[in-house]
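These notes concern the structure reproduced below.
Just so it is clear, none of the values below were taken in a lab; they were calculated from the coordinates. Note that this is a predicted model, so its numbers are computed, not measured. So basically every Cβ, Gly included, is an ideal-geometry build from the backbone, and we count neighbours across all protein chains shown.
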Ligand code: PRX
């Protein structure tokens, strides 16, 4: 595997003349003029962009901004599912494939045994049927519907059905545990869950229904569980509560009028980790999110009618919401959905899919790229990847070596790479190259998208010039921005709008280089990014202390070659509990049961005491040093008890 130090990295990569010539935006001058207008006249700019979408009633005002509250397309009436389906059909795309899905299972020859194609007409029919089924169950506009499903087309169908009737969805990633489901259900006060008997992952069955049953055992909120049959594993169905998906849609009409939603009606909640407390329900509304998802998808991936576009994310994360479902479908193209793991049955699976469907645009995460690098370049080399025209990266900083590997082995040395920076909160991509225009620098997300007024500032809000490192903020609202944290106005204001006055604070640090390019340096709060997945240290700590033998826990991140960042937990035990390898395993498992496998600490160390300041605050900086270098060499003058660090420095790992 090429390492960062051994790979000489040319400074900039310009898009090829051929790519630029066919792109939506072709020249730097065009980008600059459009960007300038989008900042100086956001209402004019976004009003024009939104005119490409379908509104039942046009807005009265494009934008209202009363920090921290943004409203977009005020007074407009629209429906996101209508825009994804009916509107595409009206434009003549009815027989075009909307979703091309490949299941994880393969036959003896390695060929997929489950492939399903849905045209826009098919998808509309199935969405309407399920929308009618939801209505029959009593789901009404405004009711939150929880979706805990594997990567099957029915997940997208359920989302669109919710959107069609104006019932916000709350998708929970299928890797989360029963406890995590309960936390989200209760916060959203959601009484209906849609799940599946199981999901396939690396050839094994993930017991989704069982997890839902366990969750229902911890709360009496849930009135209805809809179960899609995917794996055929044995499950129990509770009378009066559980209903099979196929029974629920039985007899339902295949047309369903789309609700005329207000522009600011809630479209979905998506829970994500913060630096304190439980996950927060990020609230997105209808018209602004819709317009932003459609337009960013079109411009960043340079979408064209015949694209075979594949985003490898799970729909349980925001990337899947915006760039598997809502963005691509509004562009009338084919969005590919793959059910399983990148290494099932082997590490060639992704390249086989690219070759099989002649994928033109491919969007994945740096962690995946690094995992592929480890397997060797000969694997993609065995496949015809010449259909690829553009590559995308998301979720974490991409190291230059991974960027170069992506460029050479997947992009044939010519396809532009869009390193897209954004967040669950931003709804869509905010900092990114435009593929026909931007000269890319490996490792930099480059420049702000249209309407995005990004800056790097100091804690006191002072805007820093080019060539500086600082905190990344956005100074004007954009259509896709979050409208709140569900049920927690104070946390919304405190997290995003009070640390730095007058602007949206991203929680990320960034370098603003001499050319005006942004380089994201990572989170500056107590949020970790493991394989592009966000984890709050507080959440993992509270999972650990919920174990009867744990007295106190502190969690930090440390660099990991594969996952970007990995989790290290420092744990002190109660009374006479003895530290042992067995207990260490037990605690790591305990975290996985409380949250999900992605939160399982890679490293767990027992310690007699945690390093604290005199005011009792855990000194995470010291723990990070310990986790990374094995010892603390930095300043420890504010430490309350110097002996703790002395002990940790010398103590062998248990
Ligand atoms: O730290 C940034 C990192 O991921 C965080 C957002 O995580 P989440 O809400 O889960 O959304 C991930 C998918 C959009 C950011 O605060 N991040 C995301 N994209 C990049 C990134 N860091 C560096 N480069 C990126 N392209």
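I'd like the distance separating the alpha-carbon centroids of the range 84-161 and the range 412-458, in whole Å.
30 Å
What does the extension gain come out to for residue 189 and residue 514, with contour length at 0.36 nm per residue minus their alpha carbon separation?
112.1 nm
Per 0.36 nm of contour for each residue apart, how much would the distance between residue 578 and residue 499 grow if the chain were fully extended, relative to their Cα-Cα spacing?
Details: separation 79, 0.36 × 79 = 28.44 nm, distance 4.18 nm.
Full extension of this stretch gives 24.3 nm more.
Over the Cα atoms of the range 440-494, what Rg and Dmax result, in angstrom?
14.0, 41
Whole angstrom only: what separates the Cα centroid of the range 512-578 from the Cα centroid of the range 221-265?
Each part reduced to its Cα centre gives a spacing of 37 Å.
Out of all DSSP beta bridges in the chain, what portion is antiparallel? Express it as a percent rounded to 5.
The antiparallel fraction comes to roughly 60 percent.
Which value, to two decimals, describes the C-alpha radius of gyration of the range 435-577 once divided by 2.2 N^0.38 Å?
Dividing the Cα Rg of the range 435-577 by 2.2 N^0.38 Å gives 1.27.
Under 10 °C and 1.306 mPa s, how fast does the chain diffuse according to Stokes-Einstein, given a Kirkwood radius computed over C-alpha pairs? Answer in µm²/s, whole number.
Value of D from the Cα-based Kirkwood radius: 62 µm²/s.
Would you mind ranking 82, 357 by Cβ crowding within 10 Å, fewest neighbours first?
Numbers: 82 25, 357 17.
The most exposed by this proxy come first: 357, 82.
Using label points projected 7 Å from each Cα along Cα→Cβ, tell me how many nm separate residue 34 and residue 643, to one decimal.
Label at residue 34, label at residue 643, 6.6 nm between them.
So what is the orientation-averaged projected area of the range 136-207, using the convex hull of its C-alpha atoms, in nm²?
So the mean shadow area of the Cα hull is 4.8 nm².
Per DSSP H run of at least 4 residues, take -39500 (n - 2.57); add these up for the chain, divide by its residues and hand me the 222 nm value, nearest 500 deg cm²/dmol.
Details: 21 runs with 186 residues, N = 654.
Helix contribution divided over all residues of the chain: -8000 deg cm²/dmol.
Rounded to the nearest 0.05, what FRET efficiency do residue 137 and residue 114 have when you use their Cβ-Cβ distance and R0 = 25 Å?
On the way: r = 28 Å, r/R0 = 1.10.
The value I calculate is 0.35.
How far, in nm, would the chain grow between residue 276 and residue 635 when pulled straight, counting 0.36 nm per residue and subtracting the alpha carbon separation? Provide the component values of the computation, followed by the final result.
Numbers: separation 359, 0.36 × 359 = 129.24 nm, distance 2.56 nm.
Residue separation times 0.36 nm, minus the Cα-Cα distance, leaves 126.7 nm.
Rounded to the nearest 0.05, what FRET efficiency do residue 52 and residue 95 have when you use their Cβ-Cβ distance and R0 = 22 Å?
The value I calculate is 0.50.
Given q = 0.10, 0.18, 0.22 Å⁻¹, what are the Debye log10 I(q)/I(0) values for the range 530-650, with equal point scatterers placed on the Cα positions and solvent ignored?
The computed values of log10 I(q)/I(0) come out as -0.28, -0.94, -1.34.
Quick one: if you stick a label point 7 Å off each Cα along the C-beta vector at residue 459 and residue 247, how many nm between them?
5.9 nm
What list do you get for 644, 628, 286 if you sort them by fewest beta carbons within 10 Å? List each step's numbers first, then the result.
Working: 644 20, 628 13, 286 27.
Ranked by crowding around the Cβ, least crowded first: 628, 644, 286.
Exposure proxy check: 612, 209, 358 ranked by fewest other beta carbons within 10 Å?
358, 612, 209
Please report the antiparallel percentage of the DSSP beta bridges confined to the range 530-650, to the nearest 5.
Here the antiparallel bridges make up roughly 75 percent for the range 530-650.
To check my understanding: the extent here is largest minus smallest coordinate of the Cα atoms along each principal axis. What are those three numbers for the range 551-610, in Å, largest first?
Reported extents, whole Å, longest axis first: 37, 23, 17.
Which FRET efficiency value, to the nearest 0.05, is calculated for residue 387 and residue 21 with the Förster distance at 30 angstrom and r the Cβ-Cβ distance? Before the final figure, lay out the partial values.
Numbers: r = 19 Å, r/R0 = 0.63.
The pair residue 387/residue 21 has a calculated efficiency of 0.95.
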